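The values are calculated or read from the model by the stated rules, or taken from the named source; none is laboratory data. Note that the coordinates shown come from a computational prediction; the quantities given were computed from them, not determined experimentally. Here the Cβ is made from the backbone with ideal geometry for all residues, glycine too, and neighbour counts use every protein chain on show. For accessibility, only protein heavy atoms count, side chains too; no ligands or nucleic acids. Shrake-Rupley method; radii C 1.70, N 1.55, O 1.52, S 1.80 Å.
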Amino acid sequence: MFDYFYGAKAEQFAFYRVPKVLFTNDRFRYLSAEAKTLYGILLDRVPLSAKNGWIDEQGRVYIICTIEEIMADMNCGNKKAIQLLSDLEDKVGLIERKRQGLGKPNLIYVKNFISVDNPVERHFLKCQNVTSGSVEITSLEVSKGHGNKTDIIKTEYSDTDSFYSDRSVGKGSDAMRSRAQYEDYFRESLELDYLSRDRTLDQDALHAMVDLMVDVCCSTRKSIRINREDMPIEVVKSRFMKLDAEHIKYALMTLANNTTRVKDMKQYMLAVLYNAPTTISSYYQNWVQHDMANGLI
């Protein structure tokens with residue numbers, strides 16, 4: 001017998017995330033639910049591939065996922081696995097396969113679901129050299145009503161002045177259209193209409209966070225230094241694109257309850273947003289334990 005979820009317990013688990021746009025956009029209406037699920041599984045592998053350096057000479061990230069692995073993940077036969085890959089490639093162009101020959105598995109390029117076959121996506125491949133600077137973020141306090149503290153976040157950044165000036169790199173119609181597409185994506189995935197109606201939230205900080213995430217997604221940089229590590233821009237982008245409304249509310253709460261002096265608010269927000277998926281689970285777990293210990297639940 002399966003148990004119920006209590007509080008935010010679901011946040012403790014790992015999930016495959018299938019982009020909502022695959023179900024809401026008419027462009028993908030003829031794609032089966034199984035094919036959409038497979039896309040979510042393949043998309044989940046992209047950040048790790050980027051981190052491991054699986055990048056071709058043009059700067060494009062690829063993954064390696066064999067038919068056997070797909071059969072196991074999707075609990076299907078060989079013919080079905082091949083058909084699902086073909087649907088993703090031929091019907092909507094969400095993936096592209098490249099043969100290696102000599103019995104080696106195909107390389108699979110997982111395409112960007114926001115603007116498939118939009119030439120603007122090529123601007124991600126243009127790289128700039130990164131110079132290093134650093135800043136440390138000290139202990140962040142969570143809700144004063146519970147008195148718990150999150151882990152210390154230590155974050156280094158690379159030439160942030162140049163990073164944030166990336167907005168001005170391209171002001172043509174393609175660049176503006178790409179930015180608008182990401183703004184639309186975050187408006188839907190973060191439920192901004194709902195968050196904007198919540199008067200308990202700092203609306204200025206909310207919109208600043210969204211602007212920051214759009215800046216990252218439109219950046220021409222190749223990497224951003226986070227947690228003392230140079231993270232590929234695609235990894236950071238992927239992390240941001242998996243955030244939801246609860247992550248943003250948690251990030252806003254973290255900002256509101258921080259009592260330490262912050263030298264650069266944009267850098268601070270970058271750290272909070274990137275770490276939100278990992279720190280939110282421990283926060284809610286401590287919250288529940290606190291309430292249980294005090295007889296509140």
Taking region 82-102 and keeping residues of a type in the set (Gly, Ala, Ser) and either open to solvent by 30 Å² or more (accessible area, probe 1.4 Å) or in a helix (DSSP H, G or I) (or both) leaves Ser86, Gly101
Being modelled with pLDDT under 85 and more than 19 Å from Val46 (Cα to Cα) is the filter here, so list the residues in region 226-244 that pass it. Asn227, Arg228
What are the residues in region 209-224 that are assigned to a helix (DSSP H, G or I) and either among the hydroxyl-bearing types (Ser, Thr, Tyr) or in contact with a helix residue (DSSP H, G or I) (Cβ under 7 Å, 6 or more places away or on another chain) (or both), if any? Met209, Val210, Leu212, Met213, Val214, Asp215, Val216, Cys217, Cys218
Among the numbered criteria (1) within 15 Å of the chain's Cα centre (by Cα); (2) open to solvent by 30 Å² or more (accessible area, probe 1.4 Å); (3) modelled with pLDDT of 85 or more, which one does Tyr274 miss? (2)
List the number of the failed condition for Lys79; all other conditions in (1) surrounded by fewer than 19 Cβ atoms within 10 Å (Cβ to Cβ); (2) at pLDDT 90 or above; (3) assigned to a loop (DSSP other than H, G, I, E, B) hold. (3)
Quick one: what pairs do we get from region 203-231, first residue surrounded by fewer than 16 Cβ atoms within 10 Å (Cβ to Cβ), second of a type in the set (Asp, Glu) and assigned to a strand (DSSP E or B), C-beta under 6 Å, 6+ apart or different chains? Arg228/Glu156
